[in-house]
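Here the structure is laid out as structure tokens; the discussion comes afterwards.
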Amino acid sequence: MKAVYRAFLHEFGRIFTVRPAFAVLVVAAAIYAAYYPQPYVNEALRRVPIAVVDSEDTTASRELARRVDATADVAVALLFPDMASAERAVFARDVHGILFIPKDFERSLLHGRGSPVALYADASYFLVYQRISLAVTAVAWTMGVEIETARLIGAGIDPVLAAAASDPLPLTAVPLFNPQSGYATYLLPAAFVLILQQTLLIGVGLLSTLPDRPAAAGAAATVLGKLLAYTALEALVIPAYLVILPALYGLPRLGSLMTILIMALPFVLAVGALGLLLAALFRNALTVQLAMAALGLPLFFLAGFSWPAEAMPQTVQMLSLLIPSTSAIDGLVRIAQMGASLSQVARPLLTLSGLAVLYAAAALALESRRRGTRTGR
């Protein structure tokens, strides 16, 4: 145990004295915590500008345009008499969509006929397209129900029956675990786990490849002491990322701190051991940094939140389980944001524990081999 303690103290001290490692493990973690969430503070897109082409300028067409402009998601920025002018505004990026109201719009409504409107929205940015489409669709549907209800009442039908006939299947949507339906609530908890993984991987790689005078300890004690040092550091960083930051930015958090830490422990051990393994394979600080930078984007996509894991090939899904962040994001998000218990995340917890044992054993084998080779020389 003394050898493990010496290795722990030595590695923990190097975290703060080796400047490149300190820059990644401490400074970079602080910078990410301060600045990464800032672009997502508003949670959702609001007041996306669109143009309206009103071909007849009647009371009904103006009411439709007014209601669309009154939504929180869309703002009617420009009015045009024809489509050509509106298209030029879209190409110039002054607006992101066009609502076209045809001639005879009001007359068709008064005669009880359908009066379709056309929506042209910029689908090159999916979030913009979604906001415009949902807002205009909701307004058109609501206005259509009101007109149909008024027509039925005018025909002598009881108002209650008229409302039921116009909207026979009223829908109440409840956004569970994301009450604002915001992008930040969806993205940030998973992104925080990826940031923790990348900073720890790079930091461990730098510590293990830069010159060092190791403490007097055997291979097993050295590996265990290093992992304990990384765990001690992350015991401070993880609560900041998974508890304090969500509270500061108003993200839902239903899980307890203890449950989060229990889930995070095998994650930290797995990432730390993987960092030792990669450092033993690459053997060069610059190579470690370049390799981790190159792997950043693939790890992001394999995590399963930017693109659903179910839509990936089965082989890719299996390979992604070798990356600690895949199971950690699944387990930690379900615990922290959804209030899941440890028994409900048993699979990712066991997967992370298995990865920690696997990568630690591989790192120990390489450390023992390196020492044996050095002794043989």
Requested in this report: Using the charge dipole of the range 277-377 (Lys, Arg: +1 at Cβ; Asp, Glu: -1 at Cβ; taken about the Cα centre), state which of L366, L295, S343 has its Cα farthest towards the positive end.
Outcome: L366
Report summary line: Over its alpha-carbon atoms, the chain yields an Rg and a Dmax in Å of 28.7, 101
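Taking the Cα centre of the range 48-166 as the origin, how large is its charge dipole in debye, to the nearest 20, when only Lys and Arg (+1) and Asp and Glu (-1) carry charge on their Cβ atoms? Kindly include the intermediate steps, with their values, before the conclusion.
Numbers: 10 positive and 15 negative charges, 21 e Å.
The calculated dipole for the range 48-166 is roughly 100 debye.
Work out the length of the dipole vector of the chain about its Cα centre, built from +1 on the beta-carbon of each Lys and Arg and -1 on the beta-carbon of each Asp and Glu, and round it to the nearest 20 debye.
Details: 27 positive and 23 negative charges, 517 e Å.
Value, rounded to 20: 2480 debye.
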Requested in this report: For the chain, return all DSSP H helices satisfying: extent of Cα atoms along own axis at least 27 Å; mean Kyte-Doolittle hydropathy at least 0.0.
Outcome: 126-154, 183-209, 219-239, 257-282, 346-376
Query raised in the report: Near the amide H of H96, under 5 Å away, which other amide H atoms are found, from residues 5 or more places off or on another chain, if H is placed in the peptide plane?
Result: I50, A51
Query raised in the report: Does the range 198-293 classify as rounded, prolate or oblate by the C-alpha gyration tensor (a ≥ b ≥ c root eigenvalues; a/c under 1.5 gives rounded; else a/b over b/c gives prolate, otherwise oblate)?
Result: prolate
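Rank these for me by crowding, H96, H111, H10, going from fewest to most other beta carbons within 10 Å. Provide the component values of the computation, followed by the final result.
On the way: H96 24, H111 10, H10 19.
Least crowded to most crowded, the residues run H111, H10, H96.
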Query raised in the report: Can you give the charge dipole size of the range 280-377 about its Cα centre, rounded to the nearest 20 debye, using +1 on the beta carbon of Lys and Arg and -1 on the beta carbon of Asp and Glu?
Result: 640
Requested in this report: Would you mind computing, in nm to one decimal, how far apart the modelled labels at Y125 and V145 are, each placed 7 Å from Cα along Cα→Cβ?
Outcome: 3.1
Query raised in the report: For the charge dipole of the chain, defined by +1 on Lys and Arg C-beta atoms and -1 on Asp and Glu C-beta atoms about the Cα centroid, which residue among A173, L319, G275 has the Cα displaced farthest towards the positive pole?
Result: G275
Query raised in the report: Once you sort the root eigenvalues of the Cα gyration tensor of the range 255-318 as a ≥ b ≥ c, which label holds: rounded (a/c under 1.5), prolate (a/b larger than b/c) or oblate (the other case)?
Result: oblate
Report task. Using amide H atoms built 1.01 Å from N in the peptide plane, name the residues 5+ places from G339, or on other chains, whose amide H lies under 5 Å from its own. Result -> L254, G255
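Report the Stokes-Einstein translational diffusion coefficient (µm² s⁻¹, integer) for the range 48-166, Rh taken as the Kirkwood radius over Cα pairs, at 20 °C with viscosity 1.002 mPa s.
Details: Rh = 15.0 Å.
For these conditions, the coefficient is 143 µm²/s.
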Report summary line: Computed from every Cα-Cα pair in the range 73-118, P(r) in 10 Å bins starting at 0 and rounded to whole percents is 25, 42, 27, 6
Report summary line: With the charge dipole of the chain built from beta-carbon charges (+1 for Lys and Arg, -1 for Asp and Glu) about the Cα centre, the Cα from I50, P189, Y32 projecting farthest to the positive end belongs to Y32
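FYI, it's all coordinate maths here, none of it is from the lab. Predicted model only: the values in this text are computed from it and were never measured. With ideal geometry, Cβ positions are generated from the backbone for all residues, glycine too; neighbour counts draw on all protein chains shown.
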